[in-house]
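Written below as structure tokens is the structure these notes are about.
The values are calculated or read from the model by the stated rules, or taken from the named source; none is laboratory data. Since the model is a prediction, treat every value here as computed from it, not as a measurement. So basically every Cβ, Gly included, is an ideal-geometry build from the backbone, and we count neighbours across all protein chains shown. To get the accessible areas, we keep the full protein, side chains included, count just its heavy atoms, and leave off ligands, DNA and RNA. Shrake-Rupley method; radii C 1.70, N 1.55, O 1.52, S 1.80 Å.
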Amino acid sequence: QVQLVESGGGLVQPGGALRLSCAASGSIFSINAMAWYRQAPGKQRELVALIRSDGSTNHADSVKGRFTISRDNAKNTVYLQMNSLKPEDTAVYYCRGLMSNGAYWGQGTQVIVSS
């Protein structure tokens, strides 16, 4: 089993920044990709950003230029740096790990962007 634990969410004013972290632990054999998703109230969960094992990344159009996904392989941790936050970024953010032994979700961390 693999556990994914997110941290770093909270309340921030519009224009502010947050950095989310997701630490993977457990039976990790190899990580194919790690991703961040988000789900706003009443909406479907959507992909925000993804980073592959070769380091290549993809970001949703809605966050390009504002959010950056990165990783620390030694710590089995993926980050999401979120800058210039907008009220529409308010959501629960989930980490997803695509491992050689399965796909896993974290429990989520709440991000609220409000003045």
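Odds and ends about this structure:
- Qualifying residue in region 4-22 (condition: over 22 Å from I112 (Cα atoms) and either open to solvent by less than 50 Å² (accessible area, probe 1.4 Å) or free of Cβ contacts under 8 Å to residues at least 60 places away in the same chain (or both)): no
- Residues that are under 16 Å from the mean Cα position of the chain (by Cα) and either at pLDDT below 95 or farther than 14 Å from G10 by Cα (or both), drawn from region 89-102: C95, R96, G97, L98, M99
- Residue, farthest from K75 (Cα to Cα), within region 39-63, restricted to residues that are in contact with a Ser or Thr (Cβ under 9 Å, 6 or more places away or on another chain) and not in a loop (DSSP other than H, G, I, E, B): E46
- Residues being in a strand (DSSP E or B), free of Cβ contacts under 8 Å to residues at least 40 places away in the same chain and open to solvent by 30 Å² or more (accessible area, probe 1.4 Å) - total across region 64-88: 4
- L50 of a type in the set (A, V, I, L, M, F, W, C) and either under 24 Å from P14 (Cβ atoms) or in contact with a Gly (Cβ under 6 Å, 6 or more places away or on another chain) (or both): no
- Test: residue in region 69-81 that is at pLDDT 95 or above, more than 14 Å from the chain's Cα centre (by Cα), β-branched (V, I, T) and under 24 Å from V12 (Cα atoms): no
- Subset tally (residues that are in contact (Cβ under 8 Å) with a residue 60 or more places away in the chain, open to solvent by less than 20 Å² (accessible area, probe 1.4 Å) and touching a Lys or Arg at 6+ places or on another chain (Cβ under 7 Å)) for region 89-115: 2
- Filter pass, A91 being touching a helix residue (DSSP H, G or I) at 6+ places or on another chain (Cβ under 8 Å) and under 17 Å from Q107 (Cβ atoms): no
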